[in-house]
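Before any comments, here is the structure.
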Amino acid sequence: MTPLRRLPVRLAPVPGESLDSWLAAFSRRLATPARDLLPALGLDVTTLRGSTTGLAVVLRDDEATQVAKATGVPVPTLHMMTLARYNAVLRTDPSTRRLMPYHAWTRRRGTWFCPRCLAETGGRWQLRWRLGWSFACVRHRCLLVDRCPDCGQIPRPDAGLLHIPLASRCGARPATASRTHERCGADLTASAPHELAGGHAVLAAQRLIDTMLTTGTATFGLYTATAAGQVFTDLAVLAPRILGTAAMPHAADPAVGDLAEVYQASLSEGGTAYHGAGSGPGHAVHAAVAVTRAMAVLSKADATAAAAALAALPAPGITARRLVSPHDNGPARSISTMLTDTLQRARHTLFPRPPSPSKARTARPRTPSGRRHDLLGSVQHCPDHDRAPPRSNRSPCPTRQRQDSDGPPP
Ligand SMILES: [Zn+2]
Ligand SMILES: [Zn+2]
């Protein structure tokens, strides 16, 4: 292997930039596609699956050393340009260079963007825009744009390994492209983002998220000097539930009413913003509404107030069970005791236990022990048995039915 030489051109990253954005800027400066540039930086292009996106997820130590040697950018700075810098609050997989979606609450590919930030920096992309937790630009007071206005795809900083990416231009291959190398090329700085008024709840939620990502701790509402990773785990559970069960924003909503139109427009006909508990948000407005509402719950002073706010969220006619059901996904994904308490209290508010005169009549069926008195007891307490005679071909009592199918009575 040819020893690496320091490149004749220096190009400093801009603050907060992602590694693939910086590599794209390098490609432009040297008029060299990534396929030829990366080997000069000591990087193996054969493992990249046709894109530099994975390099913005994880850069191995030996790779960072090589890139630092070739470019003069310090190793710690290079690591700060990858999502692995957020490993306290999300999970990256070094072997696949992918984010684990659950923890990051993010999309699988591409990145949302602020067109005004792109315009100001000459087409440099922020690393944070890749996280589902980033949905607004607090500097320009707008929602992030999540699709190319021309081809409708989620753009990314590079244009594949064979192309020199154009600054702020969409490098996606249009679905209607007839040639393999055809690229969209739309000017992304011309996108019109949804403006947010100063003091908007969405901007406040985004500022809180940004502070947690920067400091690694959280002190607000239910949390006191809590590790940010714990709060993001709580949000990763709560935000999708809110997407699936809460009412869509309407104009009269004091917090997110102005997003009603853009929210409605983001949904395909009959579509939903909810795509499963482990799935990230599909649009920036979905993330903005869900996280802002989740933050409004978690920002309450105690679990009682938080539960009342949560219980007020379900849309009429939507079953709220999913919103407040207990969460158990193992110790690696444990929600905080504060959120557990909040869910339990909200559950009792939304689904109060009926004043049952007879505990036995509402008891869940169980497998009988096989002893005679137990079987007779089950039959006696079977609610259907008390109300009506059994149908001819099967027992109405689940307990009895289970016994019949398990084997002959003693
Ligand atoms: Zn911006
Ligand atoms: Zn495009």
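Just a few scattered comments:
- Hey, residue 141 within 11 Å of ligand 1 (Cβ to nearest atom), over 28 Å from residue 176 (Cβ atoms) and among the basic types (Lys, Arg) or not: yes
- Residues satisfying the stated conditions in segment 6-52, i.e. of a type in the set (Gly, Ala, Ser) and in contact (Cβ under 8 Å) with a residue 40 or more places away in the chain: 12, 16, 18, 21, 24, 25, 27, 31, 34, 50, 51
- The single condition from (1) without any contact (Cβ under 8 Å) to a residue 40 or more places away in the chain; (2) within 19 Å of residue 131 (Cβ to Cβ) that residue 312 fails is (2).
- Residues of segment 241-293 classified as in contact with a Pro (Cβ under 8 Å, 6 or more places away or on another chain), polar (S, T, N, Q) and part of a loop (DSSP other than H, G, I, E, B), total: 1
- Reported count of residues in segment 79-98, each being under 25 Å from residue 217 (Cβ atoms) and touching a Leu at 6+ places or on another chain (Cβ under 9 Å), is 12.
- Residue identified as over 21 Å from residue 229 (Cβ atoms), outside any strand (DSSP E or B), of a type in the set (D, E, K, R) and modelled with pLDDT under 95 among 107, 28, 49: 49
- For segment 119-137, the set of residues classified as within 8 Å of ligand 1 (Cβ to nearest atom) and part of a helix (DSSP H, G or I) consists of 120 only.
- Only one of the numbered conditions (1) of a type outside the set (Val, Ile, Thr); (2) touching a helix residue (DSSP H, G or I) at 6+ places or on another chain (Cβ under 9 Å); (3) surrounded by 17 or more Cβ atoms within 10 Å (Cβ to Cβ) is not met by residue 184, and that is (2).
- Residue list for segment 295-309, filter: aliphatic (A, V, I, L, M) and in contact (Cβ under 8 Å) with a residue 60 or more places away in the chain: 295, 296, 298, 301, 303, 306
- Considering residues of segment 93-109 that are surrounded by fewer than 21 Cβ atoms within 10 Å (Cβ to Cβ) and within 20 Å of residue 45 (Cβ to Cβ) only, the residue nearest to ligand 2 (Cβ to nearest atom): 109
- Inter-residue pairs, beta-carbon under 7 Å, first farther than 17 Å from residue 40 by Cα and in segment 56-82, second among the acidic types (Asp, Glu), 6+ apart: 56/20; 81/17
- Residue match in segment 231-243 (condition: out of contact with any His (no Cβ under 9 Å at 6 or more places or on another chain) and of a type in the set (Val, Ile, Thr)): yes
- Lone unmet requirement of (1) within 16 Å of ligand 1 (Cβ to nearest atom); (2) assigned to a loop (DSSP other than H, G, I, E, B); (3) buried (at least 17 other Cβ atoms within 10 Å of the Cβ) for residue 189: (2)
- Residue, nearest to residue 5 (Cα to Cα), within segment 20-66, restricted to residues that are touching a strand residue (DSSP E or B) at 6+ places or on another chain (Cβ under 9 Å) and not hydrophobic (A, V, I, L, M, F, W, C): 21
- Residue count for segment 197-226, restricted to those that are touching a strand residue (DSSP E or B) at 6+ places or on another chain (Cβ under 7 Å) and part of a strand (DSSP E or B): 5
- Within segment 257-286, tally of residues that are without any contact (Cβ under 8 Å) to a residue 60 or more places away in the chain and more than 19 Å from the chain's Cα centre (by Cα): 8
- Only one of the listed residues (139, 130) is under 26 Å from residue 26 (Cβ atoms) and either within 16 Å of ligand 2 (Cβ to nearest atom) or touching a Ser or Thr at 6+ places or on another chain (Cβ under 8 Å) (or both). That residue is 130.
- Residue that is modelled with the lowest pLDDT [pool: residues in segment 314-353 that are touching a helix residue (DSSP H, G or I) at 6+ places or on another chain (Cβ under 6 Å) and part of a loop (DSSP other than H, G, I, E, B)]: 318
- Residue count, segment 150-181 (criterion: within 23 Å of the chain's Cα centre (by Cα) and within 12 Å of ligand 2 (Cβ to nearest atom)): 6
- Per the conditions (1) within 16 Å of ligand 1 (Cβ to nearest atom); (2) crowded, with 17+ Cβ neighbours inside 10 Å, the sole criterion not satisfied by residue 198 is (2).
The values are calculated or read from the model by the stated rules, or taken from the named source; none is laboratory data. Keep in mind that this is a model prediction, so the values were computed, not measured. Note: ideal-geometry Cβ built from the backbone for every residue, glycine included; neighbour counts use all protein chains shown.
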